[in-house]
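The values are calculated or read from the model by the stated rules, or taken from the named source; none is laboratory data. Source: prediction; values computed, not measured. Ligands, DNA and RNA are excluded from the accessible area calculation, which covers all protein heavy atoms including side chains. Shrake-Rupley method; radii C 1.70, N 1.55, O 1.52, S 1.80 Å.
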Amino acid sequence: QVQLVESGGGLVQAGGSLRLSCAASGRTFSRYAMGWFRQAPGKEREFVADISWAGGNTYYADSVKARFTISRDNAKNTVYLQMNSLKPEDTAVYYCAASAHYSGSKEGDYEYWGQGTQVTVSS
C-alpha cells in the first residue's frame, strides 16, 4: 500500500511558477513509477507527466512539454512537478499517482492516487 499526499498548489499569475510535491508513505517508494495528472472543471482527468522508478526516464504531455519538469527524490519519498510559464489553461486539480509496474499516460496504469491539490492560474 502507498499513500500519496500532494502539496504546493495555489493561486499564481500567468507566466509564474509553482512546484508541486507528492509525499509517499512506505519504504518501497523507489520501486514505484510515478505520474502527475490533472483535472480541469468540467473536463476529464488528463495525463501531465510521468517518471520511472529510478528517475531515468520521463515523459510529458505535449501541452506541458518544455514548461513542466517532473523529478523525484527517492531518499525523501517525494516526487515533484516544477511548473513554469503557467497559463490559465493549466488551472486544474493536480493529482499524483503511483504504479508498481510501469509508468504510463493512462489512469489505469496506476494503482494509487493522492487527493489532489488545486492550481489556479489567473490571466
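For the stretch 94-111, backbone phi angles converted through the Karplus equation (6.51, -1.76, 1.60; θ = phi - 60°) give residue-by-residue couplings of 9, 10, 9, 9, 10, 10, 7, 10, 7, 7, x, 9, 10, 4, x, 6, 10, 9 Hz, Gly and Pro being listed as x. Counting only Cα atoms, the size of the chain along its three principal axes is 41, 26, 24 Å, in decreasing order.
Against the empirical 2.2 N^0.38 Å (N residues), the stretch 2-62 has a Cα radius of gyration ratio of 1.28.
Using the Karplus relation 6.51 cos²θ - 1.76 cosθ + 1.60 with θ = phi - 60°, the per-residue 3J(HN,Hα) values for the stretch 69-79 come to 9, 9, 8, 8, 10, 5, 5, 9, 6, 9, 10 Hz, with x marking Gly and Pro. In the context of the full set of protein chains, the chain has a per residue accessible area of 53 Å² (1.4 Å probe).
For Ser103, no residue has an amide H sitting under 5 Å from its own, ignoring neighbours fewer than 5 places away on the same chain, with H placed 1.01 Å from N. Note on Ala54 and Lys87: the extension gain reaches 8.9 nm, defined as 0.36 nm multiplied by sequence separation minus the Cα-Cα distance.
Just the protein heavy atoms count here, and of the accessible area of the chain at 1.4 Å, carbon and sulfur take up 45 percent.
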